[in-house]
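Just below is one structure, and these are the notes that go with it.
The values are calculated or read from the model by the stated rules, or taken from the named source; none is laboratory data. Being a predicted model, the structure only gives us computed values, none of them experimental. All Cβ positions, glycine included, derive from the backbone under ideal geometry; neighbour counts span all protein chains shown. Remember, those area values only see protein heavy atoms, side chains included, never the ligands or the DNA or RNA. Shrake-Rupley method; radii C 1.70, N 1.55, O 1.52, S 1.80 Å.
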Amino acid sequence: MVPKISTLGGYIFEYQKSVTNPTGFWSNIAESFYWRKKWDDILEWDFSKGHVQWFKGAKLNITENIFERHLFFRGNQAAIIWEPNNPNEQHKTLTYNELFVEVNRFAAVLTRLGIKKGDRVAIYLPMVPELVVAMLACARIGAVHSVIFAGFSAQSLGERIQDAGAKLLITSDGGFRGSKTIPIKQIADEAMSNCHCVSTAIVLKRTGEDIPMTSGRDIWWHELVNEQETNYHATEMDAEDPLFILYTSGSTGKPKGLVHSTGGYMVYTAYTFKNVFQYGDGDIYFCSADIGWITGHSYLVYGPLLSGATSLMFEGIPTWPDAGRFWDIIDKHQVNQFYTAPTAIRSLMALGLEWLDNKKLHSLKVLGTVGEPINEAAWHWYHDHIGKNRCPIVDTWWQTETGGIMISPMAGITPTKPSYATMPLMGIQPMIVDQEGKPLLGNSVEGNLCISYPWPGMARTIWGDHDRFVKTYFSTYPNMYFTGDGVKRDEDGYYRILGRVDDVINVSGHRLGTAEIENAINEHPLVDESAVVGFPHPIKGQGIYAFVVCTHFSTGGVEGIRNSIMMAVSNMIGPFAKPDKIQIVTGLPKTRSGKIMRRILLKIAEGKTSDFGDTTTLLDPDIVQEIVKGAHAL
Ligand code: WTA
């Protein structure tokens, strides 16, 4: 059993142990898992080369740690409770025994289709239990899954499939999302027509829509599954073999395929899940994140299932059929731990307290947030109205790259402060540095957040581009992992995340690179160039503000071009990346060397009309006032 800390004194003691003797600490935690062969070496690392290996030489299969390790005691316990989009549709429960059978059956299907250890499998599915089955079946046979969020466009899906070199795509006819039906297969078809590595597509029937099936390529999921195949011998993996690739946005154009390991990721997600949420036997845990993002991977699928937990997954959205949907689910399934994003809290808060009428929420013990800073008002609303002043809030800071939660309270143990992620978890050694990389020691300091020592859950590389991995994360400050976030350590030693210090913005908890959006906008034939910045948005946390240089207009005029830019972004990335504001300008504030002065645009996007600092190096200083005027009129 993975050890669980239960007191503040216990945390302080364990934390000290974990940083003075990290390898001893983690090998002790790793002892709780099932390894076919134990490690020869606990840790080998060299940050200057982006080289980190944990539990070297160990052999395992992560699904044996989910199933074989738990079946004897928990076979009949719910592993997954699935709540459909439409509350009138019957929910589904899959026990550990049932999920095991489904995973084995699908592992056999993948093998029959020629998928082998190390092959990449792309998964583009809505939030249905088969998504978990598909991921775990890949893990069972040693294939590397790459789940792509079902809100991504055909172009983004195609790029990711191509980058990963996936042979197989697992998708569905369509998906339900609130009152909408999403044409998943149509998007997948378009993506596959542009990438030639995929030879087979498995299609799950979800919406029952009439869809074209390409003969020789597309096969229905239900036609492949053989009821007799209930046992599949798991493939032996090395602790450092890749478990999955997950794409995320960075400050340069192309998304990065972060690669996570098998052994280290397993140990880290299970340990942090149990400790942060203080999950106890029999609890029902509900993470509202989509599995297409890291939160869904680590804290809906792997962390909970490795801990023998009951994990609730929800297909729909918080505001359909009405804004009480989350609270109905919590009451219906008697949820004990609820984990969501600040943006969801803010949007529900804005819709008023009437949606909480007749909701009991008695079962809740722990509330969590993730993905973006939570402002104090939202923290208090969550604490008072959802947690009824009795549930601790765990504000969990982490990243796709970190694999698991890094800085966070442990529920009911670490005293909380609104909007603070509080303290580092065991084994995590944060270091705050100034612009020059000088460590800022002691309390009451603010700077860039780095981590100075490896932890088992960290990503090992960027798929196909290790140099980029080194350059992005380990070259800004020597011998440290650079997070890209700004942080403050207050007088009590508590950490508060201040947001990104690079060109990444966080829109409704979705991470987007400004360069990625600019590239999409610049594809438009009438656009000369563009600059995208984030601006404070009351619900989304950050909104997208695009300054677009256009000198020629078509018949639709400015409105026409705005609409077609929206369409271009939606087609190239996905509807969630559409700018909130598009300002057409005649030029951008550039230095004489041609560099866009983003700090000026950031201030304008925030609504400032003066105090832009030194503008003397600008090629055309007048452009600033022109943009300010236009912004005001927007
Ligand atoms: C931000 C999501 C403040 C941060 C798990 C980070 C947060 C980025 C928090 C990673 C938090 C995540 N408080 N900011 N509790 N959690 N972030 O990769 O800027 O989608 O770098 O991983 O989200 O986003 P990603």
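Okay, here's what the table says:
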{"item": "Hits in the range 227-284 - residues which are polar (S, T, N, Q), open to solvent by 10 Å² or more (accessible area, probe 1.4 Å) and farther than 30 Å from Ile329 by Cα", "result": "Gln228, Thr230, Asn231, Thr235, Ser251, Thr252"}
{"item": "Condition met for Asp395 (open to solvent by 10 Å² or more (accessible area, probe 1.4 Å) and part of a strand (DSSP E or B))", "result": "yes"}
{"item": "Any hit, the range 613-620, residues being on the phi > 0 side of the Ramachandran plot, of a type outside the set (Asp, Glu) and surrounded by fewer than 17 Cβ atoms within 10 Å (Cβ to Cβ)", "result": "yes"}
{"item": "Single condition Asp384 does not satisfy, out of (1) of a type outside the set (A, V, I, L, M, F, W, C); (2) over 17 Å from Ala341 (Cα atoms); (3) open to solvent by 40 Å² or more (accessible area, probe 1.4 Å)", "result": "(2)"}
{"item": "Conditions (1) near the ligand (Cβ under 8 Å from one of its atoms); (2) under 17 Å from Gln278 (Cβ atoms); (3) assigned to a loop (DSSP other than H, G, I, E, B); number of the one not met by Pro373", "result": "(2)"}
{"item": "Top-ranked residue of the range 528-541 - restricted to ones that are crowded, with 22+ Cβ neighbours inside 10 Å and without any contact (Cβ under 8 Å) to a residue 60 or more places away in the chain, ranked as farthest from the ligand (Cβ to nearest atom)", "result": "Ser530"}
{"item": "Unmet criterion (only one of (1) in contact with a helix residue (DSSP H, G or I) (Cβ under 7 Å, 6 or more places away or on another chain); (2) within 14 Å of the ligand (Cβ to nearest atom); (3) outside any helix (DSSP H, G or I)) for Thr252", "result": "(2)"}
{"item": "Pair list, Cβ < 7 Å and 6+ apart or interchain, from the range 497-510 residues that are farther than 21 Å from Gly292 by Cα and of a type in the set (Gly, Ala, Ser) to residues that are part of a loop (DSSP other than H, G, I, E, B) and near the ligand (Cβ under 9 Å from one of its atoms)", "result": "Gly499/Pro373"}
{"item": "Matching residues, the range 402-421, being more than 10 Å from the ligand (Cβ to nearest atom) and either crowded, with 24+ Cβ neighbours inside 10 Å or not in a loop (DSSP other than H, G, I, E, B) (or both)", "result": "Pro409, Met410"}
{"item": "Checking Met566 against (1) crowded, with 16+ Cβ neighbours inside 10 Å; (2) more than 25 Å from the chain's Cα centre (by Cα), the condition it does not meet", "result": "(2)"}
{"item": "Members of the range 435-450 that are surrounded by fewer than 22 Cβ atoms within 10 Å (Cβ to Cβ) and in contact with a Pro (Cβ under 8 Å, 6 or more places away or on another chain)", "result": "Gly437"}
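One line per residue, one yes/no per condition, for (1) under 23 Å from the mean Cα position of the chain (by Cα); (2) in contact (Cβ under 8 Å) with a residue 60 or more places away in the chain:
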site: Ser363; (1), (2): no, yes
site: Ala377; (1), (2): no, no
site: Lys388; (1), (2): no, no
site: Val394; (1), (2): yes, yes
site: Gly412; (1), (2): no, yes
site: Pro424; (1), (2): yes, yes
